[in-house]
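Peer 1: Here's a structure for you.
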Amino acid sequence: MAHTIVITGANRGIGLEFTRQYTRAGWRVYAGCRQPERALELNQLAEASDGRLSVHPLDVTRIEHIQALAAVLGDTPVDLLLNNAGSYGPDGVRFGHNTDEAAWIETLRCNAIGPMKMMEALVENVAASELKLIASLSSKMASMDDNGSGGAYIYRSTKAALNAIMKSAAIDLAPRGITAVVLHPGWVRTDMGGPHGEIDAETSARKLRALLTRLTPADAGRFFDVDGSIIPW
Ligand code: NDP
């Protein structure tokens, strides 16, 4: 039987590319995005998908959207929950500049609390599936070990919070056979990564898909780089 994925932030960037590739690979794809009516490329993919791809309104900071998607899914097994949606927060954040509290909290809601709420809402669907995978897109910028340049307080700290959440979830959900991991997609040429990124979204999604197929339960709680190596916390 075809595998099923739920993906957040599916309308552009790496999320759109994941959606394209999983749909092409024959998966049943539930694609969430904040403004489906404006998601032109995503809607075109859905129209050409023979019903394999459906688009759902999903702002991960809005619990009612998460609950509505859970209701659409019902008992449907979800092989892979892919928490892709993310926000960099305000630009130009540095010590003493642009460390705006409201923007910080909003970014935390998107990058950390949203993925947690997605996991809580869909854990039974994942547990009922064949592959039982949860992956969240974090960033090397969340790594304390890798931080050699300082700054980026809001992005770094909210993705570090995501890492802490994923580590706990990996431990808590392992007895249910679920493998939860954190992924760094590389420096990718998207709206967030900018034009000078090292790889394109097609390459990033392709490599991460390959990595996900290789995962075993022993990998739960690991922080993977796009090349498959482990990133120190
Ligand atoms: P983009 O900025 O290109 O796309 C971000 C996506 O997340 C968009 O679909 C956006 O939707 C969505 N999103 C933002 N906020 C929310 C929200 N509250 N609810 C639902 N969706 C939301 O980013 P990338 O594709 O480059 O990044 C994808 C993931 O990879 C992110 O988690 C990012 O942090 C991570 N990452 C990216 C790197 C890079 O170099 N590009 C490097 C390291 C990590 P909308 O269009 O509505 O804004």
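The values are calculated or read from the model by the stated rules, or taken from the named source; none is laboratory data. Keep in mind it's a predicted model, so treat the numbers as computed, not measured. Using ideal geometry, Cβ is built from the backbone for each residue, glycine included, and neighbour counts are taken over all protein chains shown. The protein model used for the area step is the full one, side chains on, heavy atoms only, and it has no ligands, DNA or RNA in it. Shrake-Rupley method; radii C 1.70, N 1.55, O 1.52, S 1.80 Å.
Peer 1: If the only charges are +1 at each Lys and Arg Cβ and -1 at each Asp and Glu Cβ, what is the size of the charge dipole of the chain around the Cα centre, to the nearest 20 debye? Spell out each step's value before the answer.
Peer 2: Details: 23 positive and 26 negative charges, 53 e Å.
Roughly 260 debye, rounded to the nearest 20.
Peer 1: Please compute the Kirkwood hydrodynamic radius of the chain from all pairs of different C-alpha atoms, in Å with one decimal. Working shown, then result.
Peer 2: On the way: mean 1/r = 0.0567 Å⁻¹.
Computed over Cα pairs of the chain, the Kirkwood hydrodynamic radius comes out at 17.6 Å.
Peer 1: Quick one: net charge around Ala128, please, counting Lys, Arg +1 and Asp, Glu -1 for every other residue with C-beta under 11 Å from its C-beta. Don't jump to the answer; show the numbers that get you there.
Peer 2: On the way: positive: Lys132, Arg176; negative: Asp75, Asp79, Glu124, Glu130.
Residues close to Ala128 contribute a combined charge of -2.
Peer 1: On to the next question. For Met141, what charge total do you get from the other residues with a beta carbon under 13 Å from its beta carbon, if Lys and Arg give +1 and Asp and Glu give -1? List each step's numbers first, then the result.
Peer 2: On the way: positive: Lys140, Arg156, Lys159; negative: Asp145, Asp146, Asp225.
So the surrounding residues net to 0.
Peer 1: Please name whichever of Ala127, Ile199, Gly15 sits farthest to the positive end of the charge dipole of segment 4-224, dipole taken about the Cα centre and charges placed at Cβ: Lys and Arg +1, Asp and Glu -1.
Peer 2: Ile199
Peer 1: Could you point to the residue in Ala68, Thr190, Cys110 farthest towards the positive end of segment 4-224's charge dipole, with +1 and -1 charges on the Cβ of Lys/Arg and Asp/Glu respectively?
Peer 2: Thr190
Peer 1: Using only helices, what value at 222 nm comes out for the chain when you add -39,500 (n - 2.57) per DSSP H run of length 4 or more and divide by the total residues, to the nearest 500 deg cm²/dmol? It would help to have the intermediate numbers written out before the result.
Peer 2: Values: 7 runs with 88 residues, N = 233.
Theoretical 222 nm ellipticity from helices: -12000 deg cm²/dmol.
Peer 1: In addition: Any idea what the dipole of segment 1-120 comes to, in debye rounded to 20, about its Cα centre with Lys/Arg Cβ at +1 and Asp/Glu Cβ at -1? Write down the numbers at each step before the final one.
Peer 2: Working: 11 positive and 14 negative charges, 42 e Å.
The calculated dipole for segment 1-120 is roughly 200 debye.
Peer 1: Residues with beta-carbon under 12 Å from that of Leu42, excluding Leu42: net charge, scoring Lys, Arg +1 and Asp, Glu -1?
Peer 2: Details: positive: Arg12, Arg20, Arg34, Arg38; negative: Glu17, Glu37, Glu41, Glu47.
Taking every other residue near Leu42 into account, the sum is 0.
Peer 1: Now for a separate question. Scan the chain and report its longest stretch carrying no GluC sites (Glu not before Pro) that are both in a DSSP loop and have at most 13 other Cβ atoms within 10 Å. Can you show the working numbers first?
Peer 2: On the way: sites that count: Glu130, Glu198.
Within the chain, the longest run free of exposed GluC sites (Glu not before Pro) spans 1-129.
Peer 1: Counting pairs of alpha carbon atoms under 8 Å apart in space and at least six apart in sequence, what relative contact order in percent does segment 4-224 give?
Peer 2: Values: 408 pairs, mean separation 41.6, N = 221.
Dividing the mean separation by the residue count of segment 4-224 yields 19 percent.
Peer 1: In terms of Cα to Cα distance under 19 Å, which lysines are near enough to Lys140, apart from those fewer than 8 places away along the same chain?
Peer 2: Cross-link targets: Lys159, Lys167, Lys207.
Peer 1: Considering only protein heavy atoms, what is the solvent-accessible area of Ser229 at a probe of 1.4 Å, reported in Å² to the nearest 10?
Peer 2: Per-residue accessible area (Ser229): approximately 50 Å².
Peer 1: What is the helix-to-structure angle for 201-214, meaning the angle in degrees between its Cα long axis and the longest Cα principal axis of the chain, kept from 0 to 90 and rounded to the nearest 10?
Peer 2: Taking Cα atoms only, the helix is inclined about 70 degrees.
Peer 1: Okay, moving on. Between helix 114-127 and the chain, what is the angle of the helix's C-alpha long axis to the longest principal axis, kept within 0 to 90° and rounded to the nearest 10?
Peer 2: Between helix and principal axis, roughly 30 degrees.
Peer 1: When the accessible area of segment 132-219 is computed with all protein chains present and a 1.4 Å probe, what percentage of it is carbon and sulfur? All intermediate terms of the calculation are to be shown ahead of the outcome.
Peer 2: Working: 2170 of 3970 Å².
The value for segment 132-219 is 55 percent carbon and sulfur by accessible area.
Peer 1: I've got another one for you. If you take the square roots of the eigenvalues of the alpha-carbon gyration tensor of segment 37-88 and sort them as a ≥ b ≥ c, do you get rounded (a/c under 1.5), prolate (a/b over b/c) or oblate? Numbers along the way, then the final one.
Peer 2: Working: a/c = 1.66, a/b = 1.14, b/c = 1.46.
Oblate, because a/c is 1.5 or more while a/b does not exceed b/c.
Peer 1: In what sequence, largest accessible area first, do Trp104, Trp27 appear using a 1.4 Å probe? Kindly include the intermediate steps, with their values, before the conclusion.
Peer 2: On the way: Trp104 80, Trp27 35 Å².
These residues rank, largest area first, as Trp104, Trp27.
Peer 1: Once both labels are modelled 7 Å past Cα along the beta-carbon direction, what's the Gln35-Ala102 spacing in nm?
Peer 2: 2.0
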